[in-house]
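This report refers to the structure that appears directly beneath it.
The values are calculated or read from the model by the stated rules, or taken from the named source; none is laboratory data. Just so we're clear, the structure is a prediction, and the values are computed from it rather than from any experiment. Here the Cβ positions follow ideal geometry from the backbone for every residue, glycine too, while neighbour counts run over all protein chains shown. Just so you know, the surface numbers come from the protein's heavy atoms only, side chains and all, with ligands and any DNA or RNA stripped out. Shrake-Rupley method; radii C 1.70, N 1.55, O 1.52, S 1.80 Å.
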Amino acid sequence: MALVLFYPLAGRLGMAPDGRVEIDCNGEGAVFVVAQSDVELDDLEDFEPSKAMSDMFVPPYDKEVGAGAPLLLLQVTFLRGGGVVLGTGMHHYALDGRSSFHFIQTWSSLARGAAGDVVPPFLDRSPLRARSPPVVLFDHSHEYCRTPPDLQQAPGRRS
């Protein structure tokens, strides 16, 4: 259900005819891996992000990401002794840090049965498009003058 709300994450990285990178909302789905490890949760006590940790808990992916690359990779790893780790890989073309956290919160709320806590994402990017032709609505030239106007006639200063 979380991927229904965050449907671009179920797509792939694409390329527009003009060469711009875009998100292809083709519904191919996220990469989801279930793994088991001989590591115990106590073995991860001094957790530090590292390549070894990433290799253990995040699904493998091609570092040279191009067209067709998944935008969301998830791995649930069951540890010896009953621990569980959720590893995530999220493409920055689709999510920034805040949006990633929003997705995880939404997914966990839905998994708990707390659908009432879910705030859907705002996916309309049309307000970010440039106007054609460009339009300047406010004059900001005063912000870029060399001497601020209030200092040009400072007290005790003669012109």
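List pairs: first in segment 100-115 and more than 9 Å from A2 (Cβ to Cβ) and open to solvent by 50 Å² or more (accessible area, probe 1.4 Å), second among the polar types (S, T, N, Q) and in a helix (DSSP H, G or I), Cβ under 9 Å, 6+ apart or cross-chain?
A115/S109
Identify the single condition in (1) of a type outside the set (A, V, I, L, M); (2) exposed (fewer than 14 other Cβ atoms within 10 Å of the Cβ); (3) in contact with a Phe, Trp or Tyr (Cβ under 9 Å, 6 or more places away or on another chain); (4) within 21 Å of I104 (Cα to Cα) that Q75 does not satisfy, given that it satisfies every other one.
Result: Q75 fails condition (2) only.
Of the conditions (1) closer than 20 Å to S100 by Cα; (2) touching a strand residue (DSSP E or B) at 6+ places or on another chain (Cβ under 6 Å); (3) at pLDDT below 90, V65 satisfies every one except a single condition; which number is it?
(2)
For segment 20-60, which positions are open to solvent by less than 50 Å² (accessible area, probe 1.4 Å), outside any helix (DSSP H, G or I) and of a type outside the set (S, T, Y)?
Going through segment 20-60, the residues open to solvent by less than 50 Å² (accessible area, probe 1.4 Å) turn out to be 29-31, 33, 35, 37, 39, 44, 53-54, 57-59.
Filter again for outside any helix (DSSP H, G or I), leaving 29-31, 33, 35, 37, 39, 58-59.
The answer is G29, A30, V31, V33, A35, V39, V58, P59.
Out of everything in segment 117-141 that is open to solvent by 80 Å² or more (accessible area, probe 1.4 Å) and either of a type in the set (F, W, Y) or in a helix (DSSP H, G or I) (or both), what residue ends up being farthest from L72 (Cα to Cα)?
Among those residues, the one meeting the criterion is F138.
Quick check on segment 3-60: of everything there that is closer than 23 Å to I104 by Cβ and of a type in the set (V, I, T), which residue is farthest from the chain's Cα centre (by Cα)?
V39
Give just the number: which of (1) in a helix (DSSP H, G or I); (2) touching a residue at least 24 places away in the same chain (Cβ under 8 Å); (3) over 22 Å from V4 (Cβ atoms) does A67 not satisfy?
Going through (1) in a helix (DSSP H, G or I); (2) touching a residue at least 24 places away in the same chain (Cβ under 8 Å); (3) over 22 Å from V4 (Cβ atoms) one by one, A67 breaks only (1).
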